[in-house]
Amino acid sequence: MYWIGHLISIAGSQMQLWALYWHLRTLSNQPMVISGIGLARFLPVILLSLVAGVAADRFDRRKMAILTQIALGVVALVLGLTTAWGSVTLWMIFGLVILQSVVAAFDVPARQALIPSLVPRENLANAYSLTSIAAKVGGILGPAVSGVVIAYLGLQWAYWINAISFLAVVAALFAMGDIRPLIEKKAEVVRGTFREIRAGIEFIKNSPIIYSVMILDFFGTFFSSANTLLPFVAIDILHVGPIQYGWLSSAQAIGTLSIGLYLSQKTTLLRQGMLISVSVAMFGLATILFGVSTSFFLTMLALILVGIFDGLSSIIRNTVRQLQTPDEMRGRMMSITQIFFKGGPQLGEMESGLVAQILGVPFAIISGGVGCVLATWVVVKKIPQLWNYQGDEPVSAEISI
């Protein structure tokens, strides 16, 4: 039930995200302005993630996810209404995106930490592969449909369809009933919040595998994130319209879906640390190909390769983090790691927009790919435990709460 609801909701969210990039491009032709949306999406994560992680460990994760999904739907509805009325401005979009990111900061730790309560430990890797498949099927359908919706119905319908899609997750969460936590949660007073945040940070610091994966995740996505530049590539370099833009927006998800389907059937993965490191480096090389391409089909291929290698690393990263973390710490672990896995790409959008503003869009994308490859090499050299990680090691970090 969760998987089906998640798939439908992701399709709507991806439709809105890529429609939003196109919408911003119609309001401004400055890469720096449009890429600034990454900063708007990241600030709430920085400010609220640690508190959100404590909330996910302290309260009922299912009920918390229901509330956040409803709130996200309301924001999407307002965005559609203001667009339909012709009253939307750049600043209004930025404000609504910030509000949406505030809610998402609480939504991600709750939903991600809920999954280990739904499946046995030995099936957790498969569950995250299936979750990735749902995300990427939605990531194909959403952007592809967004191009058609923009072309024939108007931008506001992309936002309205997304608002409706959140009901799928809400319905699934209601239908599955109460989920028994793996441990008994105790609602404590507020003064315990900072102690719990500190315990979460200490756990990450004492977990070299989780820590190294977070660092690699951040710098890899920081340098190779250029999604907000895709409207510029489509309009100014490839000279295509919204429908072709929709397919380009879906390309990464097509690649990730392919690798997700393969990994969902694998019972064991050897040399997981090496796989993560190599896949992030290949992610950077595929980004370079994306930057040099002036052909629609070559660009599509490059983005599919970006999705394959990003999907491979992200599925293994998710599995590693969850298997190396006890249930009482999962909400805080996810809240801390979301600073990295959301902060990297969203700050990277700012970086790519700034470089594109000064040196041009192709240079911004190519230099980002080079930076991703170099960052991978530095992390592997500095934290050799990552390269040597097999995937079956026991949890080594001590927990003090």
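Values as computed for the structure displayed
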{"read-out": "Matching option when the condition is under 19 Å from V102 (Cβ atoms) and not charged (D, E, K, R), among V88, V33, V74", "value": "V74"}
{"read-out": "All positions within region 169-189 that are at pLDDT 90 or above and either basic (K, R) or closer than 28 Å to T325 by Cβ (or both)", "value": "V170"}
{"read-out": "Sole residue being buried (at least 22 other Cβ atoms within 10 Å of the Cβ) and more than 26 Å from A151 (Cα to Cα), chosen from G260, G307, G255, G246", "value": "G260"}
{"read-out": "Check on R41, touching a residue at least 60 places away in the same chain (Cβ under 8 Å) and crowded, with 20+ Cβ neighbours inside 10 Å", "value": "yes"}
{"read-out": "Filtered residues of region 16-39 (kept if more than 22 Å from G154 (Cβ to Cβ) and over 19 Å from the mean Cα position of the chain (by Cα))", "value": "Q30, P31, M32, V33"}
{"read-out": "Qualifying position, being at pLDDT 85 or above, part of a helix (DSSP H, G or I) and farther than 30 Å from P120 by Cβ, among I243, I308", "value": "I243"}
{"read-out": "Residue in region 366-398 that is modelled with the highest pLDDT, counting only those that are exposed (fewer than 15 other Cβ atoms within 10 Å of the Cβ) and over 28 Å from S224 (Cβ atoms)", "value": "D392"}
{"read-out": "Residue match in region 26-33 (condition: part of a helix (DSSP H, G or I), of a type in the set (S, T, Y) and surrounded by 18 or more Cβ atoms within 10 Å (Cβ to Cβ))", "value": "no"}
{"read-out": "Odd one out for G360 among (1) under 17 Å from the mean Cα position of the chain (by Cα); (2) of a type outside the set (K, R); (3) modelled with pLDDT of 75 or more", "value": "(1)"}
{"read-out": "Condition check for V213: at pLDDT 85 or above, crowded, with 24+ Cβ neighbours inside 10 Å and within 16 Å of N318 (Cα to Cα)", "value": "no"}
{"read-out": "Search result, residues across region 277-294 that are of a type in the set (V, I, T), closer than 19 Å to F232 by Cα and part of a helix (DSSP H, G or I)", "value": "T287, I288, V292"}
{"read-out": "Filter pass, T89 being crowded, with 18+ Cβ neighbours inside 10 Å, more than 19 Å from V170 (Cα to Cα), of a type outside the set (D, E, K, R) and over 17 Å from the mean Cα position of the chain (by Cα)", "value": "no"}
{"read-out": "Test for R121: is it surrounded by fewer than 23 Cβ atoms within 10 Å (Cβ to Cβ) and more than 17 Å from S9 (Cα to Cα)", "value": "yes"}
{"read-out": "Region 344-369, residues that are assigned to a helix (DSSP H, G or I) and among the small types (G, A, S)", "value": "G344, G348, S352, G353, A356, A364, S367, G368, G369"}
{"read-out": "Search result, residues across region 123-175 that are aliphatic (A, V, I, L, M), closer than 17 Å to T26 by Cα and outside any loop (DSSP other than H, G, I, E, B)", "value": "V148, V149, I150, A151, L155, A158"}
{"read-out": "Of all residues in region 270-303 being surrounded by fewer than 17 Cβ atoms within 10 Å (Cβ to Cβ) and within 22 Å of V380 (Cβ to Cβ), the one that is modelled with the lowest pLDDT", "value": "L270"}
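The values are calculated or read from the model by the stated rules, or taken from the named source; none is laboratory data. Remember, it's a predicted structure, so these values are computed and weren't measured experimentally. With ideal geometry, Cβ positions are generated from the backbone for all residues, glycine too; neighbour counts draw on all protein chains shown.
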